[in-house]
1. Considering only residues that are under 18 Å from F197 (Cα atoms) and of a type in the set (V, I, T), which ones fall in segment 318-356?
2. Name, by its number, the condition in (1) open to solvent by 20 Å² or more (accessible area, probe 1.4 Å); (2) in contact with a Leu (Cβ under 8 Å, 6 or more places away or on another chain) that does not hold for P322.
3. Could you say whether any residue in segment 146-162 is at pLDDT below 95, in a strand (DSSP E or B), acidic (D, E) and closer than 29 Å to R309 by Cβ?
4. Filter segment 36-51 for residues that are outside any loop (DSSP other than H, G, I, E, B) and surrounded by 12 or more Cβ atoms within 10 Å (Cβ to Cβ) and give the result.
5. Would you confirm whether any residue within segment 159-180 is of a type in the set (D, E, K, R), more than 10 Å from L9 (Cβ to Cβ) and open to solvent by 40 Å² or more (accessible area, probe 1.4 Å)?
6. Tell me which residues, restricted to segment 310-364, are over 13 Å from D191 (Cα atoms), within 16 Å of the ligand (Cβ to nearest atom) and assigned to a strand (DSSP E or B).
7. Do you know which of the residues in segment 83-106 that are without any contact (Cβ under 8 Å) to a residue 12 or more places away in the chain and in a helix (DSSP H, G or I) is nearest to the chain's Cα centre (by Cα)?
8. Which one is farthest from the chain's Cα centre (by Cα) among residues in segment 118-158 that are at positive phi and open to solvent by 40 Å² or more (accessible area, probe 1.4 Å)?
Amino acid sequence: MQLRYTYRLYPDAGQAQALARAFGCARVAFNDGLAARNAAREAGQPYITDAELSARLTAAKKTPERAWLAEVSSVALQQALADLNTAYRNFFASVAGKRKGPKIAPPRFRSRKDSRQAIRFTRNARFTVLDNGRLRLPKVGDVPVRWSRPLPAEPSSVTVIKDAAGRYFASFVVQACPEPLPETDRECGVDLGLTHFAVLDDGTKISSPRFLRRAEKKLKRAQRNLSRKQQGSANRNKARVKVARAHAHVTSARRDFHHKLSTTLIRDNQAVYVEDLAVKGLARTKLAKSVHDAGWSAFVLMLEYKAARYGRDFRRTGRFEPTSRVCSACGVNDGPKPLSVRKWTCAACGTVHDRDVNAAKNIAALGRREARNARGGQVRPAATLAPAGEAGSRRGAA
Ligand SMILES: [Zn+2]
């Protein structure tokens, strides 16, 4: 299985300049490829293949307009095309209905103003972690790294990221062996909510920690402050940087919280069941923003890859199961329960339910049932890649 490890980078002024050039060139390679495919489509020509696009990039470097692309690692440019190809494949699969989850939009042009700039180097770009702890990047130099924890194995690629707050990160992909934890007979259903971040079927309620709430408050204040500043003023620019910093702080605080909670849940339970987030049906409601802020999907992905890594069972339980309205004691559907209803009494058996704990109990029961069915059928091998936004260390990439 593949895991991602992220560390803070501290490039000097010259290295930062070289990185800016590399981000820019990768962006141009990406945008040129996208423009070429768009033009072909509009002219009614066939889709330009990955190989053809790559050949065109190599040819473009020999023209005066694009000669400057040769100043950066060609691997980083080819990886930008690989990103474009992946974006297209995901889009096509989504259109054809072969992809789960929300519909994917066609690739968009990258902008100099995007809050996140990134380039990827693979093994054949000959990036190296030097004995002195620096990261040698082709045509950039030896960049100092803050090793917040050891890299467990030789990395197969590294993505260098600059976030909106101007911080640099190196995100390594490493091949890791599963490390099964000793078995336990505990299982756990998790209901993700807005009043509490998570509620477990044993009644435990987990709220987001104070340091995260404080960071979120500070971000809101910074955002309000920014909205009051005059367009184009020097003060507005200062306020914008403050918002970016506060935002970066919230992102890493939230990630830290998700990491701790997902590690605890996976360590303490043989199986963890979570409701498929699509079930919540909140994606297109006014709650969507809070859902997005809560970072449920990032958290669920952490549970998934940690389960694969530590030999635990993880399951997103079935769609369209009304976990909030079915009584976990007798199984009777008690009818719709608006979000404002926190407690209810089952009309059939008289059990008094906490809304979220009842949902978590239903999720656990559903998970057990689905796990049994899966064991009867085929078991999918565990192969999970930590998602791109996922960072292992405390000060991960934003
Ligand atoms: Zn009941």
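The values are calculated or read from the model by the stated rules, or taken from the named source; none is laboratory data. Just so we're clear, the structure is a prediction, and the values are computed from it rather than from any experiment. A quick note on method: Cβ atoms are made from the backbone with ideal geometry, for glycine too, and the neighbour counts reach across all protein chains shown. Ligands, DNA and RNA are stripped out before the accessible areas are found, and what is left, the full protein with its side chains, is counted by its heavy atoms. Shrake-Rupley method; radii C 1.70, N 1.55, O 1.52, S 1.80 Å.
1. T323, V341
2. Result: P322 passes all but (2).
3. Scanning segment 146-162, I find no residue that is at pLDDT below 95, in a strand (DSSP E or B), acidic (D, E) and closer than 29 Å to R309 by Cβ, so the answer is no.
4. Across segment 36-51, the qualifying residues are A36, R37, N38, A40, R41, D50.
5. Yes, segment 159-180 contains at least one residue that is of a type in the set (D, E, K, R), more than 10 Å from L9 (Cβ to Cβ) and open to solvent by 40 Å² or more (accessible area, probe 1.4 Å).
6. V326, N333, K343, W344, T345, V352, H353
7. Only one residue tops the list, namely T86.
8. Taking the candidates together, the pick is K139.
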